[in-house]
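See below for the structure under consideration.
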Amino acid sequence: MDLYEYQGKQYFARFGIPTSPGGAADTVEEAVAQADAAGYPVVVKAQVKVGGRGKAGGIKLAADAEEARHHAQSILGMDIKGHVVHRLWVEHASDIAKEYYASFTLDRPNKLHLGMLSAEGGVEIEEVAATNPGAIARLSIDPTVGLDEETARRWVDEAKLDEEARDQAAQLLVRLYRCYVEGDCDLAEINPLILTTDGRVHALDAKVTLDENAAFRHPEWEEYADTSTDDERERMAKEKGLNYIGLSGSVGIIANGAGLAMSTLDVVNQVGGSAANFLDIGGGANADVMASALEVINADPAVRSIFVNIFGGITRVDEVAKGIIEALGRVDIRSPIVLRLDGTNAVAGRDLLAPHLSDRLVAEPTMLDAARRAVALAGN
Ligand code: GDP
Ligand code: MN
């Protein structure tokens, strides 16, 4: 889960990482009030979950209330790479002497954490990596050892940050590492990390990605749940706890297991169709899960047919069949459903469903047959 810049900065603040004083605003009036409170000059910043806001015109300096009002007016409602700006962050503007880059992320293949630090910040780190890879000091951190201040200090030296920034930067990096680990982030990035003209080091931007697998130990993350931007279908699926990804085709897909769901997508494509979604109902799918799955797919107006592809293993097909029957009683499905049921207790499952079969609920013996039928019914 990605945080907005202002949420990232609030997250940083919990770990003692310095940022500029400021506040969020959803209207022009609120923005002016936040600017008055932060003290001029201020910077008015579009809150969208996409980088390069500066270049896109979503970040503007204002010397007084009139300018702040003007910028707030022009940035609210702006479209930045397909993201509409509904909220601003207004903070006291910094006098920048230098822009650096700092981040922590996971180095999966090596089972370590990776710190990246550069004296060349303010531009995309990919750009630095491409044009001047030597300017990025990488630090591998063993999660069982962590990052102490001496190591951070050597790292800062290696990255050749300006002498006067080094002590503060080392201290800040230790805090950023704590934020990354204790705060359960997949990514904690500051770009730019700045040295101000009066010799202070602080975070001017914040990019934080939280590891949703850790949500169980962070009840406070509730406030970050963002329902405004997601695909409506994905929002609904998430509410119902389903593993769902919306796609642009016309065949709705329900399968048990991510591998089977992906294979189902492939087979639908192979026979000339296109999938409307990816939906893995997982093992032990009961009537509730099946009903939720059908509801979400049913809510997608692009869906013309639904392909339910179940290969029973631990999941017993007779249980799935009961689920389908119960679900059909609960949900009024617009599209014809094609079933392919195989594996554990498949015969019992098919027997249960036999009396319910019609031209709206058909069964096919193999995955390929079922895919062809679903694609035909979708009108492809
Ligand atoms: P991004 O473009 O989405 O990464 O947004 P940032 O928050 O990183 O801001 C982009 C750029 O705007 C920074 O690299 C700075 O050059 C500039 N900027 C942002 N805040 C300030 C500020 O307080 N003072 C000054 N002078 N420039 C700022
Ligand atoms: Mn930035």
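The values are calculated or read from the model by the stated rules, or taken from the named source; none is laboratory data. These figures come from a predicted structure and were not determined experimentally. Don't worry about glycine lacking a Cβ; one is built from the backbone with ideal geometry, like all the others, and counts go over all protein chains shown. We work out accessible area using only protein heavy atoms, side chains counted, and drop any ligands, DNA or RNA first. Shrake-Rupley method; radii C 1.70, N 1.55, O 1.52, S 1.80 Å.
Rounded, prolate or oblate: which fits the range 265-327 when a ≥ b ≥ c are the square roots of the eigenvalues of the alpha-carbon gyration tensor, with rounded for a/c under 1.5 and prolate only if a/b beats b/c?
Here the range 265-327 falls in the oblate category.
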Worksheet item: What does the accessible area per residue of the chain come to in Å², with a 1.4 Å probe and no ligands, DNA or RNA counted?
Response: 46 Å²
Worksheet item: In the neighborhood of Ala97, defined by Cβ-to-Cβ distances under 10 Å, what is the net charge if each Lys or Arg adds +1 and each Asp or Glu adds -1?
Response: -3
Item to complete: Please list the non-local residues whose amide H lies under 5 Å from the amide H of Leu247, H modeled 1.01 Å from N, same-chain partners needing a gap of 5 or more.
Response: Asn277, Phe278
Response to the item:
Scalar couplings 3J(HN,Hα) for the range 201-209 by Karplus 6.51 cos²θ - 1.76 cosθ + 1.60 (θ = phi - 60°), nearest whole Hz, x for Gly and Pro, are 10, 8, 7, 9, 9, 9, 10, 10, 10
Worksheet item: Where does helix 166-182 land angle-wise versus the long Cα axis of the chain, in degrees 0 to 90, nearest 10?
Response: 20 degrees
Worksheet item: Which whole-angstrom value gives the distance between the alpha carbon centres of the range 274-347 and the range 174-226?
Response: 40 Å
Discussion item. Apply the a/c threshold of 1.5 to the C-alpha gyration tensor of the range 79-126 and tell me whether it is rounded, prolate or oblate.
Written reply: oblate
Worksheet, complete the sentence: Largest fluctuation, Lys45, Lys81, Lys207 only, Gaussian network model of the chain with Cα springs under 10 angstrom, belongs to Lys81
Worksheet entry | Rounded to the nearest 10 Å², the accessible area of Tyr224 at probe 1.4 Å | 10 Å²
Worksheet item: If Lys and Arg each add +1 and Asp and Glu each add -1, what is the summed charge of the other residues whose beta carbon sits under 9 Å from the beta carbon of His113?
Response: -2
Worksheet entry | Local net charge near Lys45, Cβ-Cβ under 9 Å (Lys/Arg +1, Asp/Glu -1) | -1
Worksheet entry | Among beta bridges that DSSP assigns inside the chain, antiparallel share in %, nearest 5 | 75 percent
Worksheet entry | Computed [θ] at 222 nm, deg cm²/dmol, the chain (DSSP H ≥ 4; -39,500 (n - 2.57); rounded to nearest 500) | -10500 deg cm²/dmol
Worksheet item: For the cross-link pairs Lys45/Lys160; Lys207/Lys240; Lys49/Lys238; Lys60/Lys98; Lys55/Lys160; Lys240/Lys322, which exceed 23 Å when the distance is taken from alpha carbon to alpha carbon?
Response: Lys45/Lys160; Lys207/Lys240; Lys55/Lys160
Response to the item:
Across Pro219, Pro336, Pro109, the residue with the highest GNM fluctuation in the chain (Cα network, 10 Å cutoff) is Pro109
